[in-house]
Amino acid sequence: QVQLVESGGGLVQPGGSLRLSCAATESIFSIDYIGWYRQAPGKQRELVAGIGRSGMTNYPDSAKGRFTISRDNVKNTVYLQMNSLKPEDTAVYYCYANSRAMAYWGQGTQVTVSS
């Protein structure tokens, strides 16, 4: 069973940056796919970035050019660098992992973009 622990959320002004971290309890080499999702109040959870075992990444249009997903194989940690943040990026951000056909979620970290 994979456990995921997110950190790095907080309050940031519009135009600012944050880096979220997702630490996994097993080697990320063994995880097929890791993604960052977010859920705003009253809205569905949506993907903002993902990375496969090969290192291939994917982003929705809303995140392209502003968000970057990366990983540290030694620390078993995946990062989400978020730049040029907007108020509409306010949400709880969740780390997701798919490993051996099983899905795992972290507990979420709140990101609030406000002046």
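In table form, for the structure just shown:
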{"read-out": "Scope the range 19-43; condition open to solvent by 30 Å² or more (accessible area, probe 1.4 Å) and not in a loop (DSSP other than H, G, I, E, B); matching residues", "value": "ARG19, ALA23, PHE29, SER30, TYR33, TYR37, GLN39"}
{"read-out": "Evaluation of SER84 against (1) open to solvent by 20 Å² or more (accessible area, probe 1.4 Å); (2) in contact (Cβ under 8 Å) with a residue 12 or more places away in the chain; (3) in contact with a strand residue (DSSP E or B) (Cβ under 6 Å, 6 or more places away or on another chain) (one fails), failing number", "value": "(3)"}
{"read-out": "Test: residue in the range 46-54 that is open to solvent by 30 Å² or more (accessible area, probe 1.4 Å), out of contact with any Leu (no Cβ under 8 Å at 6 or more places or on another chain) and at pLDDT below 95", "value": "yes"}
{"read-out": "Count - residues of the range 1-15 that are open to solvent by 20 Å² or more (accessible area, probe 1.4 Å) and in a loop (DSSP other than H, G, I, E, B)", "value": "7"}
{"read-out": "Every pair of residues 6+ apart whose Cβ atoms lie under 7 Å, when the first sits in the range 31-52 and is under 17 Å from ALA103 (Cβ atoms) while the second is outside any loop (DSSP other than H, G, I, E, B) and acidic (Asp, Glu)", "value": "TYR37/GLU46; ARG38/GLU46"}
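Results for (1) in contact with a Gly (Cβ under 8 Å, 6 or more places away or on another chain); (2) farther than 10 Å from LEU80 by Cβ, shown as yes or no for each residue.
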| position | (1), (2) |
| --- | --- |
| VAL5 | yes, yes |
| GLY8 | no, no |
| PRO14 | no, yes |
| CYS22 | yes, no |
| SER27 | no, yes |
| ALA40 | no, yes |
| LYS43 | no, yes |
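The values are calculated or read from the model by the stated rules, or taken from the named source; none is laboratory data. This structure is a prediction, so every number in the text was calculated from the model and none was measured. Here the Cβ is made from the backbone with ideal geometry for all residues, glycine too, and neighbour counts use every protein chain on show. Note: accessible area is taken over every heavy atom of the protein model, side chains too, but ligands, DNA and RNA are not part of it. Shrake-Rupley method; radii C 1.70, N 1.55, O 1.52, S 1.80 Å.
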